[in-house]
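Just below is one structure, and these are the notes that go with it.
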Amino acid sequence: MRWVALTAVAPVAWGANYYVTHEFLPPDSPFYGAALRALPAGLVLLGLCRQRPRGAWWWRSAVLGLLNVSVFFVLVYAASQLLPTSIASTVMAVSPLAMMLIAWTLVAERPGIAHLAGAAIGLGGVCLTLLTGTAGVSMPGVLASVAAMLVSSFGHILTKRWNAGTDVLASTAWQLTAGGLFLLLVAAAVEGPPPSLSTSALLAFGYVTLVATALAFAAWFIGLRYLPAGTVGLVGLLNPVTGVLLGTAVAGEVLTVQQLCGLALVLAGVVLGQPTRAGRRGGSRTPLQPAPDKSAAREFSTRNPL
């Protein structure tokens, strides 16, 4: 359960990130916004681990950085600006089911019955929360959020497959740095000079960079190392719960009875998918930790930063 608690840091931080982005960051600079989120976080983690990629991890860092950072951050930034905090974060709750199906294909991790049931219950909660009949929901924003969910689900499972035998903090730093550098080049080409930032925007970027990116991604990828993808995906349902509650408490968004029922279902899905003492649920026989990749182990130090 300590790995579950550590993993939960990520979705809670991401749920709050929607509000911070929506309220304080410049709405017309998605590429610079994503670059200023990713690159400083990657450099901070790189300074902590002091390891550089070797061998296959040069191209792996580029691929994962593109999926988990470049494309994902731009889509999340756009969704955060186009949608209310509660709606933007709730769409991401479909990710547990996507992660389970992708993990079944890429890492042969068969989802257990409890995981599937938790995902179905959580998805029902998403539908109750989204289908409120509220006017003004931006379809481009919903599409951006759905695309972000699919891209990140694939990238996170690919990270789980490749991370065996590597330092989690180092691989996270490489992804964020590679993705941030790519975003910076695209931002300079597409958006021109960087936007001027107010004091509140600088403070917001401090939270987005250090908490919602550096800390959150390290916690998330450590969870993927030690827990089944189904469990990690269901813990991710705390993302919409945080977003909805924060949007209601701080941003003044109205929380209906239907949305409260949806949140209750989402929380029930999270609880249902947690690992038992034996580490197995629903008949899944997949071990919690993947077997180390011997070739990767020869290339990297296996020191655990925690």
Task: Of residues in segment 51-76 being of a type in the set (Val, Ile, Thr) and within 22 Å of Leu143 (Cα to Cα), the one surrounded by the most Cβ atoms within 10 Å (Cβ to Cβ) - done: Val69
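Residue-wise test of (1) in a helix (DSSP H, G or I); (2) not polar (S, T, N, Q).
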{"site": "Val190", "(1), (2)": "yes, yes"}
{"site": "Pro195", "(1), (2)": "no, yes"}
{"site": "Phe205", "(1), (2)": "yes, yes"}
{"site": "Val208", "(1), (2)": "yes, yes"}
{"site": "Val211", "(1), (2)": "yes, yes"}
{"site": "Phe217", "(1), (2)": "yes, yes"}
{"site": "Leu234", "(1), (2)": "yes, yes"}
{"site": "Thr242", "(1), (2)": "yes, no"}
Open item on the list: I'm trying to understand the selection: among the residues of segment 191-208, which are in contact (Cβ under 8 Å) with a residue 24 or more places away in the chain and either of a type in the set (Gly, Ala, Ser) or exposed (fewer than 11 other Cβ atoms within 10 Å of the Cβ) (or both)?
Closed with: Ser200, Ala201, Ala204
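Considering every residue within segment 15-26, establish whether at least one is closer than 21 Å to Gly118 by Cα and surrounded by 19 or more Cβ atoms within 10 Å (Cβ to Cβ). Let's see the steps before the verdict.
Filtering segment 15-26 for residues closer than 21 Å to Gly118 by Cα gives 15.
Of the ones still in play, those that are also surrounded by 19 or more Cβ atoms within 10 Å (Cβ to Cβ) are 15.
Yes; the residues of segment 15-26 include at least one that is closer than 21 Å to Gly118 by Cα and surrounded by 19 or more Cβ atoms within 10 Å (Cβ to Cβ).
Each value in this text was obtained by applying a stated rule to the coordinates, not by laboratory testing. Fair warning: this is a prediction, and the values are worked out from it, not measured in the lab. Please note: Cβ atoms are built from the backbone with ideal geometry, for glycine as well, and neighbour counts cover all protein chains shown.
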